[in-house]
Amino acid sequence: MKHETLCGLDIGTTKTCTVVAVNGSAGLEIVGVGEAPTLGMRKGVVVDLEETIKSIEAATERAERMAGIHFNEVIVGITGDHIRSTNNRAVVAVSGDDREVTPGDVRRVIDASKIINLPSDRQIIHALPRYFTVDGQEGVNDPIGMAGGRLEVDTHIVTGSSSFITNVLKCVQRAGLEALGVVFEPLASSAATLMQEEKQVGVVLLDIGGGTTDVAVYSLGSAIYTATIPVGGNVLTSDISLGLKTTLAEAEEVKKRLGATEKEERFDVRTLDGRATREHSTAELRQIVVPRVLETLRMAKQKIVENVPRDVVLGEIVLTGGGAQLPGIERVAEEVFGLPVRVGLPNTIGGLTDAMTAPQYATAIGLVLFGANGDREDALRAGRRGNSMVAKVQRWLADLWT
Ligand SMILES: Nc1ncnc2c1ncn2[C@@H]1O[C@H](COP(=O)(O)OP(=O)(O)OP(=O)(O)O)[C@@H](O)[C@H]1O
Ligand SMILES: [Mg+2]
């Protein structure tokens, strides 16, 4: 295997996180993590190159020190309001005389599905096969080796602004790293937190970060809709700071400790000048926090209602990202979606410490999962093992490199 060491780089709005994993005989195991505050990003996009580079360098250096290895190839997360998704379908004739579907046919049909009307300043980030159709037989996961003359694919296509993506990649490069590929962040978070059965039944993943809330909807095993809402947990902090007339630091602390809790409690916060304290109740706090959380989650719901066909069954909501830790958020999400809600912790990888089993690390860990077995020659063979999510990215990575 070419990439023994795999590295994920999540440049979030609030923190940059680098995760190093080794793909050994025991499977994928995390050997190093590094974190640093991010100052150069706003709502998922770079607003200050130098600051962003510093964050990447700091997080990466920490991860390298912990792992005791040096690396330079990373899989990079991308998000922001510029991302769009759509589904497409393409068809090709199976090429060989023996009418047996080959890896080359699969590559050709996925490539054909990438032919969409795209303005010149946008590029395709993913073309994830949802399922194949061979001679009219729908719902084929892996068509390679099947007999047939006509191969179709349904793909989930994710596109983004070329300049926003280039800015992220510039920072990565100037921090001395090479981007092996880019992954839309909620897809990475899903890889770390969702179980295959959930994706099969139908599930909505919401990654509530500092500056964005990323959405990924899965049905019948694959992503059918992805989006970003440019609102995250940071706005709650400024709402609380304004509402209780206290500093951002104090507001952040109150948010994390009490958030939208239903428990009745009184608490003190320092006044803005820091000289006195004032008493407030959790009822007052709820009046500030709940409307904003409702608003954000309703925006997500609205996007899903507008873009996901009505006949798609959705059984559950999974919340991840730092914002998923807000006390009381599950109840608010249940109210909005009318579905069971759980908090998704990254737990599908070895070598995790307790500290890393927290929702804010779902993206970074998921990026590593995406890169697992990321050898382009292996791409289609990985697909044959039916490891769908990873395999799809293998194909995408392979496509990117050819
Ligand atoms: N216990 C908690 N309760 C409420 N909010 C929390 C808690 N812990 C962290 N947060 C919030 O989570 C947010 C950060 O989450 P995360 O680290 O996932 O974001 P990010 O990846 O840096 O940003 P983004 O994904 O938007 O680019 C912050 O707004 C922070 O206040
Ligand atoms: Mg994030």
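The values are calculated or read from the model by the stated rules, or taken from the named source; none is laboratory data. A quick note: this is a predicted structure, and the numbers were derived from the prediction, not measured. Please note: Cβ atoms are built from the backbone with ideal geometry, for glycine as well, and neighbour counts cover all protein chains shown. We work out accessible area using only protein heavy atoms, side chains counted, and drop any ligands, DNA or RNA first. Shrake-Rupley method; radii C 1.70, N 1.55, O 1.52, S 1.80 Å.
Can you tell me the 0 to 90 degree angle between the C-alpha axis of helix 103-113 and the longest principal axis of the chain, rounded to 10? Approximately 60 degrees, to the nearest ten.
Accessible surface of the chain, 1.4 Å probe: 49 percent of it comes from carbon and sulfur atoms. The DSSP beta bridges internal to the chain are antiparallel in roughly 80% of cases. For the chain, the longest principal axis of the Cα atoms and the long axis of helix 162-174 meet at an angle of about 80 degrees.
Using the Cβ atoms and a cut-off under 15 Å, what net charge is assigned to the surroundings of residue 30, where Lys and Arg are +1 and Asp and Glu are -1?
-4
Across the chain, how many lysine pairs, 8 or more apart or on two chains, come within less than 20 Å at their alpha-carbon atoms? Lysine pair count for the chain: 19. Working note: Cα atoms of segment 202-261, range along each principal axis, descending, whole Å: 47, 22, 14.
For the chain, the solvent-accessible area with a 1.4 angstrom probe is 43 square angstrom per residue. In terms of its C-alpha gyration tensor, segment 84-161 comes out prolate, because a/c is 1.5 or above and the ratio a/b outweighs b/c. Dimensions of the chain based on its C-alpha atoms, expressed as ranges along the principal axes with the largest first, amount to 83, 49, 43 Å. Against the chain, whose longest principal axis comes from its Cα atoms, helix 282-307 is set at around 20 degrees. Ranked by the mean number of other Cβ atoms within 10 Å of their residues, highest first, the peptides 196-202, 82-88, 206-212, 17-23 come out as 206-212, 17-23, 82-88, 196-202. For the pair residue 306 and residue 91, label points projected 7 Å from Cα toward Cβ lie 3.2 nm apart.
Which log10 I(q)/I(0) values, to two decimals, does segment 234-288 give at q = 0.15, 0.18, 0.29 Å⁻¹ under the Debye formula with one point per Cα? Taken in order of the listed q values, log10 I(q)/I(0) reads -0.33, -0.49, -1.26.
Segment 88-158 and segment 1-63 have Cα centres spaced 33 Å apart. Each peptide in 319-326, 346-353 was scored by the mean count of other Cβ atoms within 10 Å over its residues; highest first, the order is 319-326, 346-353.
Based on the mean of other beta carbon atoms within 10 Å per residue, what is the order of 358-368, 27-37, most packed first?
358-368, 27-37
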